[in-house]
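The values are calculated or read from the model by the stated rules, or taken from the named source; none is laboratory data. The structure displayed is predicted, hence computed values, not measured ones. Glycine gets a Cβ as well: all are built from the backbone with ideal geometry, and neighbour counts include every protein chain shown.
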Amino acid sequence: MIILEAKNLSKIYGQKSKGVTYQALTDLYLTIHQGEFVGIMGPSGSGKTTLLQILGTIDRPTSGEIWIEGQNVANMSDDELADFRRKRLGFIFQEFYLLDALTLKENILVPLVLEKRPIAEMEQRVNELAKYLGIDQVLSHRPYEVSGGQRQRAAAARALVHSPALILADEPTGNLDSKSAKSLMESLVQLNKKEQSTILTVTHDPFTASYCDRVIFIKDGKVFTEIRRGESRQAFFQQIMQVTTALGGESYELAKSRF
Amino acid sequence: MNLRSLAFKNVKHHMRSYLAYFLSCTFSVWMFYLYASLLFHPILQSKEIPKQFMALMFLVEGMVGLFSILFIGYSQSAFLRNRKHDLGLLQCLGMSVKHVTRIIFWENMMVGCLAIGVGVCLGLVFSKLFYLLVSVVLDLTEPISFAISFQALGLTIVGFLLIFSLLSWWSRFTIRKQSIADLFREAVKEKPAPAFSTWKVVLSLLCLGGAYFLAWTADLKSLVQQFVFIFLLVLIGTQLLFTQLSVAIIDYLQKKKPVFYHGTNLILLSQLRFRLKDNARILFMVSILCSVVLTSVSVCFTYYIEAEKVATDQTPFHLSIEGNIQGMSPQEMEQHFKHQGLQVIQEEHVPLILAQMQKEKQMVSLMSQSDYQRLTGNPATYALSLHLGEMAFIDSSGMAKDKVETLSNKRVNVKIGDRTNSFQLVKHVVHRIWNEHAKTKFFAVVTDQQFNQLKKWAPDSQQLTIHAYRFSDWKKSKGLVLDLDRLAKEKKGDAYHVQSTYELYQAVKEIFSPLMFVSLFIGVLFFLGAGSILYFRIFTELPSDVKQWVVLHKIGMRKKEGIFLLKAQIFLLFSIPFVVGICHASAAMHMFSALFKKPIWDIYGMSVLAYMVIYGLYYGWTKRMYMHDVLKYVNSPQSE
């Protein structure tokens, strides 16, 4: 089943009348099936973040269509989009973006609470996810009392708690040390299998990308190429490295040492 | 670019948070100049302005000055705290402490000079109006003329320049004390979740409950004794209310899952828990200020407006003379009335006997029952039917609440001449029946028969007549009263022997008209100060509110919900201290209304309404500015 379909997507920043414009995306096509774990890579300024924001309905495309679960999100009003994000999308950010005033548990609950779901259901769902992500011991702590890895796990739990159709992650390992990054990605892969959730992550880190089923490379606002993972993650990592080098990005020699 | 232009850019960038501070400074300068110009006005030489009024003006000037120092000092240190990160960065880049303090100095001086300039201009423009107001309040025949006083101008400008420069010079000590690392850390330091202790919550409730109970049951006598105690209880209770009880209430709501886990409540309550505690000191100050201002303004206003009623309540007879003014018989007195154009509608000449109470070693005045009955008039509530050998004790001081008490088994021995009589004390009546003289405040009533008998035994020195009159229009009695006062002073050396409605009316007006005038201005000043501190506190939360908005927006919060979250917080921060202030002030007003025979809620309600409008405008303005800024940052591309 197709979860997300982007057709002919373009985004132009700035106003034509002022003469200063910048084309971030050009006629981009993208299809994602249910249960897929997809990575998006590309050099700085290639339009990764713009794409993620547009797919996440936080920004609107200049032209083109986005179909998520058969609904065209380009036609929705701001309130409808907010409702749609709340019900059908989950977000994981590089900076975690947990609310400092809330405990981890309350942070995870936010999407369900905004939805006004039954309390018993909320409790059950949080406990289940927290146990799975290994943060059940720190649920009553506040974000600044726990480690970065635990924070990002809580953020992941928040993204998953309402069983969204699509989870969008923006550099989820960007602020984590390599050990936390590895265990977070492993958890995400497991959740992806267990809950049959669809995850789309933007990253510039080949190591993080190597956990995906499929990596799409974009350059200058267009899809450059895409590669699929075979049996071995090690081999996939090498493949990703080759493409990034070909793309003219920085060399990722150092990343090898992680294996 | 030099330091001054950097400072200028800083001011421009932080304009929003400086704005409320600037307005309050301007208002302080404005008020200070108005009062200063009055203090240096040539009319002071004239005798028309009462001495007490000038003393009050000095007091106000001092208070405005003191308020300015405290307010500016507080605001500057708050700005500094808010910008530690900035300043740390500048130092990190190699700026010396001297340079940083110089930047701060320039920033403060820019805002300060502008405030002085605008404040003085406003002062000049409005001084004519101010003088007119003073003339009306003081009942001056000729309004005070407009004059620009260079002394007042100099005092205001130099004084405030000194305040601004000294206080900003002071900031160097705060900055020097801290290392760069500290300055950096200050911004990221996280606070633990506010907690409360149960016994402090209980203590808070006890203090407030106790204070309210005492205030509610107080009469004038207990009020004077307990005032300080009640005030202390309220202070402690309010302080704990904001630091403990607020957290306890939110904690309770957070434990109630159906409430807490319901839409935006989750975020609102969690944030309030931090913000109420963070701002506890400010909220405490604002609510105390609120209650003090509301109470004093309404009390002064009430007395001013109801001076007539107070005067007629406290002096039922328009003129009352204890004993005889030498050389003036009742007939001559009547001549005097006619001469002054006064028409007597009631006159009473009540004989009293002074008796020595044996146990209490006190003098008591005795009155006959029929005289008493005539003085109290019709109401049966205070009527007495004494038998031989019985006595009733009357408290006519007006200090306590009216009541009639039946007593038993109390004997009183009084000595008249060299005979001692024993009476059974049967009743105790508290009721104002006539004007207050030394010998009429408290007295005893006995049967007519016994009174006449005692009168025969009493030597002349122990007998006394009170002459009391009611006129058709007591306001015309000014001349008469002044004459009699003069006479009484000449002959007996004590003006207490003449008690008139007019004098009391005049005294009440003289005390309360300037007080009203002053409390009104000080009240507005305090309110604006309180509002601008709240305004600033709210603006310090801007970055974290923007961050929160961005996160919640991405998660799928509707714009409407986001606006509600911010508005609710601003509303609560503004309204909680005001509501607490109103509650305190209401209790205080109830206490003070013991002075009047009726509650004085109408004037209180009006002043609450007036301040609510001022405060509400401030709230609306803050909300608008804040929402505008949050939405501006949220919609700017950098926040994505």
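So here's what we get for this one:
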| quantity | calculated |
| --- | --- |
| Selection status of A:ALA74, away from every other protein chain (no Cβ under 13 Å) and in a helix (DSSP H, G or I) | yes |
| B:SER77 vs. criteria farther than 18 Å from B:GLN151 by Cβ and crowded, with 16+ Cβ neighbours inside 10 Å | no |
| Subset of the stretch B:421-445 [farther than 21 Å from B:GLN358 by Cβ and part of a strand (DSSP E or B)] | B:VAL429, B:VAL430 |
| Count of the stretch A:13-37 residues which are aliphatic (A, V, I, L, M) and within 14 Å of chain B (Cβ to nearest Cβ) | 2 |
| Every residue from the stretch A:186-200 that is loosely packed, with under 12 Cβ neighbours inside 10 Å and acidic (Asp, Glu) | A:GLU186 |
| Which listed residue is closer than 21 Å to A:LEU247 by Cβ, over 13 Å from the mean Cα position of the chain (by Cα) and surrounded by 23 or more Cβ atoms within 10 Å (Cβ to Cβ), from A:LEU30, A:LEU25, A:LEU51 | A:LEU25 |
| The stretch B:226-237 residues that are aliphatic (A, V, I, L, M), paired with ones that are buried (at least 16 other Cβ atoms within 10 Å of the Cβ) and not in a helix (DSSP H, G or I) (beta carbon under 9 Å, 6 or more apart) | B:ILE230/B:ALA218 |
| Matching residues, the stretch B:32-56, being at pLDDT 85 or above and in contact with a Leu (Cβ under 7 Å, 6 or more places away or on another chain) | B:ALA36 |
| Some residue of the stretch A:27-46 being of a type in the set (Ser, Thr, Tyr), in a strand (DSSP E or B) and at pLDDT below 90 | no |
| Considering residues of the stretch B:531-585 that are among the hydroxyl-bearing types (Ser, Thr, Tyr) and crowded, with 19+ Cβ neighbours inside 10 Å only, the residue nearest to the other protein chains (Cβ to nearest Cβ) | B:TYR535 |
| Candidate set from the stretch B:246-261 (those that are facing chain A (nearest Cβ under 7 Å) and more than 21 Å from A:ASP100 (Cβ to Cβ)); member that is surrounded by the fewest Cβ atoms within 10 Å (Cβ to Cβ) | B:PRO258 |
| Which listed residue is over 30 Å from the mean Cα position of the chain (by Cα) and assigned by TED's automatic domain parsing to the domain that holds B:TYR18, from B:LEU93, B:LEU155 | B:LEU93 |
| Qualifying residue in the stretch A:187-198 (condition: outside any loop (DSSP other than H, G, I, E, B), within 23 Å of A:GLU115 (Cβ to Cβ) and more than 15 Å from the chain's Cα centre (by Cα)) | yes |
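Here's the yes/no breakdown for (1) hydroxyl-bearing (Ser, Thr, Tyr); (2) assigned by TED's automatic domain parsing to the domain that holds B:TYR74; (3) crowded, with 22+ Cβ neighbours inside 10 Å:
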{"residue": "B:LEU276", "(1), (2), (3)": "no, no, yes"}
{"residue": "B:ARG281", "(1), (2), (3)": "no, no, no"}
{"residue": "B:PHE284", "(1), (2), (3)": "no, no, no"}
{"residue": "B:ILE288", "(1), (2), (3)": "no, no, no"}
{"residue": "B:THR295", "(1), (2), (3)": "yes, no, yes"}
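A quick yes/no check of all residues on (1) within 26 Å of A:THR173 (Cα to Cα); (2) free of Cβ contacts under 8 Å to residues at least 40 places away in the same chain; (3) among the small types (Gly, Ala, Ser); (4) within 14 Å of chain B (Cβ to nearest Cβ):
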position: A:LYS7; (1), (2), (3), (4): no, no, no, no
position: A:GLY39; (1), (2), (3), (4): yes, no, yes, no
position: A:LYS48; (1), (2), (3), (4): yes, no, no, yes
position: A:THR57; (1), (2), (3), (4): yes, yes, no, yes
position: A:SER63; (1), (2), (3), (4): no, no, yes, no
position: A:ARG88; (1), (2), (3), (4): yes, no, no, yes
position: A:LEU102; (1), (2), (3), (4): yes, no, no, yes
